[in-house]
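What follows is a single structure, written as structure tokens, with notes after it.
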Number of protein chains: 2
Amino acid sequence: MSERKTITPAHRYRNNDKLVGIGNRFWNMSEEHGVAGIVGDLNDGVLRTADGHEFVNFTVCSYLDLDTHPKVIDGAVDSLRRFGVLDHCIPRTRVQTPVLLELEDSLGELFGAEVVTAISTAAASTGLLPLIASGHLGNGVRPLMVFDKNAHVSLANAKPTCADETEVVTSRHHDLDFLEDMCRTYERVCYVVDGSDSLGGYAPVRELAELQDKYNMMVFYDDSHSLSAYGRRGIGYVRSHSPALDQRTVTVATLSKGFGAGGTAILLDGYPKETRRIIERFAGPLGYSQKMNAAAVGAAMASAEIHRTEELTELQNRLYANIALFDSLLATEQSGSTYPIRVVPMSDDTVIDGAQRVFAAGFYVSPVFFPIVARGTAGLRAMLRAGQTEEQIRRLCEVLVEAGARPPTALPEPVAP
Amino acid sequence: MSERKTITPAHRYRNNDKLVGIGNRFWNMSEEHGVAGIVGDLNDGVLRTADGHEFVNFTVCSYLDLDTHPKVIDGAVDSLRRFGVLDHCIPRTRVQTPVLLELEDSLGELFGAEVVTAISTAAASTGLLPLIASGHLGNGVRPLMVFDKNAHVSLANAKPTCADETEVVTSRHHDLDFLEDMCRTYERVCYVVDGSDSLGGYAPVRELAELQDKYNMMVFYDDSHSLSAYGRRGIGYVRSHSPALDQRTVTVATLSKGFGAGGTAILLDGYPKETRRIIERFAGPLGYSQKMNAAAVGAAMASAEIHRTEELTELQNRLYANIALFDSLLATEQSGSTYPIRVVPMSDDTVIDGAQRVFAAGFYVSPVFFPIVARGTAGLRAMLRAGQTEEQIRRLCEVLVEAGARPPTALPEPVAP
């Protein structure tokens, strides 16, 4: 048997040896030190472990705390009672109940876009990117797919599939010069990038729109981290800033995180109804797999209603006040931005100890350290939310300073939405 | 601008030009003739369109009608009330509430397996297959990935990704000789196949187990269409028949369809706890995207309880009786099988008319015809369920015979579970 063939992998776009080899060391260390693999019951915003330790999770992405809003939970329950089924199990292209259509109408009005929903952003991106790669979502020309090197893994994982439909390259982070160069070289280009990064920061939306105008470039944004938290009625960063809201811009944004519900919205502009059909039929999992269930739809409908009221602005303002308070107490690279994520720099030697101290003091922040980031760039990731109290934020920052975090040397710029 | 580069696609594993080109003609024809794109409110098992037409959906995959079972809906509502949040939005590898762990314990006991859940089967397969391809889920050796040519599109879509981690080939349907040949040639082989096909029929599970024993071959099954509908306590076809329930067999099965809830169960045997960690951390969307929400979990917990009672056997028996009744009235290739899907043969000229007549008579069955299947193999796909009445089935079959379907020439073999 020993002469049987073994295989040498191509590893053009991904490499599980690296991913698992490096990642597993990180996760094992985190879990051994009690700063990952934590289980707790959630009550009134406080998690309680089996051994009675209580903590507030400062790494949860529900930036406006809409996920636990009574109206959102009631919306989920009412929807289950009204439709009497979580999912009428047949592709919606054949037969559907009105449940998704009603939500898509509501979100369409809210965001000023044509909306198609999916069960998750990963499902949406997995389904849409190959259709863009083949030119079926776009203008019929196969674009060179340029993936930003920091694009979220749910986007990057689509590279091998896209590469079977067109050419795929990876660019440096927000490398506008490279993009312009590619636009000059290729008949069409599609740039795939986070509208709002999971480690903090926004895409250069306006500069990209210039390239879109000049070269008819397409941009695929994942704006999951800014929906609800940013913009009038929570329309997110991309839709607040891009002057290219037409066929050249496709955005996906999760309805979990800020929106507090579940599922994902695909936001389209300027496409005919036929394009919607193409997506429903051929965008991978959208054509054959599970849809948002009735509970997620009901929650999203209720959250959409909140987005239409003054309450949303109040929640955003509370979030911004919490961000400003945090920035007044601790220095991070993100200081002064409206972005709700902060990475508190720590040394490689102190980051786990820091996370443990924070946890012991009743808070959870996520440590990131070598080998998942380069040596010398370790940190603790904290997410601000509307519902955190001043006392919680002050106490967290105290503990972080005790653990070696740096207070600001000067007052940060005031935060404006 | 006209001298800019256009791209010639590789099309090694997929081809959207074909998929969309062929598929869209099929869907447009279906929709133009009113046998796709149907919207209806669902009440007591009857759908009602905006213009008042009422029909029973005979192409819904909830084989035991558990999706509308009051205990399942109550379970979803109770879970929402208990956990107070659809999803605590953070990767479960960091912090999780007990919601998924409780379900996984329950399903693990029910199916006699180690269970990891995912939001959908597409997410699970998308995540697991590349880990199998790289040897990280398995025995460390990169297997040749042999995809059955009929494997569901949610499996087939993983080919380009797997091809970046190992070699990928497509085999003829259930081609055991080819598989054995590959097993002799390659150090390791993984066969990817539906345990239960969406067009009817089961995988040759016992014959595959022989190859698994002889060559240490791995098999990845999607058994979504037989879970709940088949086997003691609804454990499905693969787990009822495979003597190779160990590290060499990985099965995914949806918790929507027969189970009536939502989400998916990954069924593992013989792996250490570390493997579960690898899956939670690195199986694509499982590591970063949405999880089953609390409503789907509550529904699945309630459905699991029903699976433990005599009620499940009664529902299965009602399903089998309905299948037998259908087979006594109409001839199909699937006649005599416990499998709940029947494709009623029609000619290419009559299939749309047939679907329209059936719809007018108050039923929906899905037409399949050229160009999505070869000329001469058109048909109407019907799914039997426990909750259909004798009158409904008799009436549907009458209409189908009027539309050209063939009654059985001889009595079919009796159906045994």
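By the Cβ distance rule of under 4.7 Å, chain B has these cysteines without a partner: B:Cys162, B:Cys183, B:Cys190, B:Cys397. Taken residue by residue and averaged, Cβ atoms of other chains lying within 10 Å of the Cβ of A:262-270 number 2. Along each principal axis, taking the top coordinate minus the bottom one, the Cα set of segment B:136-221 gives 33, 28, 20 Å in descending order. Distances between equivalent label points of B:Val39 across the copies, with each point positioned 7 Å along Cα→Cβ, amount to 4.3 nm, shortest listed first. Legend: mean number of C-beta atoms from other chains within 10 angstrom of residue C-beta atoms, peptide B:50-57, equals 1.
For segment B:70-307, what is the convex hull volume of its Cα atoms per residue in Å³?
So the per-residue hull volume is 105 Å³.
Which translational diffusion coefficient, to the nearest whole µm²/s, is obtained for chain B from the Stokes-Einstein equation, given a Kirkwood hydrodynamic radius over C-alpha pairs, 20 °C and 1.002 mPa s? Taking Rh from Cα pairs, D becomes 95 µm²/s. Over segment A:26-102, the Kirkwood radius and the radius of gyration, each from Cα atoms, give a ratio Rg/Rh of 1.15. Looking at chain A as a GNM with Cα springs under 10 Å, which of A:Ile352, A:Ile341, A:Ile22 has the largest mean-square fluctuation? Maximum among the listed residues: A:Ile22. Sorting B:Val343, B:Val252, A:Val95 from the fewest to the most surrounding beta carbons within 10 angstrom yields B:Val343, A:Val95, B:Val252. Using θ = phi - 60° in the Karplus curve 6.51 cos²θ - 1.76 cosθ + 1.60, the 3J(HN,Hα) couplings for segment B:106-116 round to 5, 5, x, 5, 4, 9, x, 9, 7, 10, 10 Hz; x is entered for Gly and Pro.
The GNM of chain A, with springs linking C-alpha atoms under 10 angstrom apart, assigns the highest mean-square fluctuation among A:Asp353, A:Asp51, A:Asp194 to A:Asp51. Candidate cross-link partners of A:Lys214 among the lysines, defined by an alpha-carbon separation under 30 Å and a same-chain spacing of 8 or more, comprise A:Lys149, A:Lys159, A:Lys273, B:Lys5.
How large is log10 of I(q)/I(0) for segment B:13-167 at q = 0.12, 0.15, 0.18, 0.20 Å⁻¹ when the intensity is taken from the Debye formula with one equal scatterer per alpha-carbon? Here log10 of I(q) over I(0) equals -0.92, -1.19, -1.23, -1.25. Our summary of shape: the Cα atoms of the protein assembly as shown have principal axis extents of 89, 55, 54 Å, ordered from largest down, in whole angstrom. Picking from B:Val72, B:Val373, B:Val99, which is most flexible by a Gaussian network model of chain B using Cα springs under 10 Å? In the Gaussian network model the winner is B:Val373.
Each other copy places its own label point for B:Gly112 at 6.1 nm from this one, sorted shortest first, where the point lies 7 Å along the Cα-to-beta carbon line.
If each DSSP helix of 4+ residues adds -39,500 (n - 2.57) and the sum is divided by the residues in the protein assembly as shown, what number results at 222 nm, nearest 500 deg cm²/dmol?
-12000 deg cm²/dmol
Ordered by the count of other Cβ atoms within 10 Å of each Cβ, fewest first, B:His11, A:His88 give B:His11, A:His88. With both residues required to sit in chain B, DSSP beta bridges show an antiparallel share near 55%. Derived scalar couplings between HN and Hα for segment A:124-130 equal 5, 5, 4, x, 7, 4, x Hz in order, rounded to whole Hz, by the Karplus curve 6.51 cos²θ - 1.76 cosθ + 1.60 (θ = phi - 60°), x for Gly and Pro.
Three principal axis extents describe the C-alpha atoms of segment A:336-417; from largest down they are 35, 25, 22 Å.
So if I take the alpha carbon set of segment A:272-417, get Rg, then get Rh from the Kirkwood formula, what is the Rg over Rh ratio?
Taking Rh as the inverse mean 1/r over Cα pairs, Rg/Rh reads 1.12.
Neighbour counts of C-beta atoms inside 10 Å place B:His173, A:His69 in the sequence B:His173, A:His69, starting with the fewest. Please report the relative contact order for segment A:70-307, taking Cα pairs under 8 Å with a sequence separation of at least 6, and give it as a percent rounded to a whole number. For segment A:70-307, the relative contact order is 30 percent. In chain B, Cα pairs under 8 Å separated by at least six residues give a relative contact order of 22 percent. Between this copy and the others, label points of A:Arg308 are 4.4 nm apart in ascending order, each placed 7 angstrom from Cα in the Cβ direction. 3J(HN,Hα) along segment B:272-281, derived from phi through the Karplus expression 6.51 cos²θ - 1.76 cosθ + 1.60 where θ = phi - 60°, amounts to x, 4, 4, 5, 4, 4, 4, 5, 4, 8 Hz, with x in place of Gly and Pro. Summed over all non-identical Cα pairs, the Kirkwood treatment of segment B:46-91 gives a radius of 13.6 Å.
Considering segment A:189-348, its Cα convex hull presents a mean projected area of 11.8 nm². Here is the tail figure for segment A:252-345: Cα pairs spaced more than 19 Å apart come to 60 percent of all pairs. Here the peptides A:37-48, B:260-271, A:287-298, B:360-371 are ranked by packing, the mean other Cβ count within 10 Å, and the order with the highest first is A:287-298, B:260-271, B:360-371, A:37-48. Mean sequence separation of contacting Cα pairs (under 8 Å, at least six apart), scaled by the length of segment A:207-294, corresponds to a relative contact order of 23 percent.
Every number in this text was worked out from the coordinates using simple rules, so none of it is lab data. Here the structure is a predicted model, which means the values were calculated and not measured. A quick note on method: Cβ atoms are made from the backbone with ideal geometry, for glycine too, and the neighbour counts reach across all protein chains shown.
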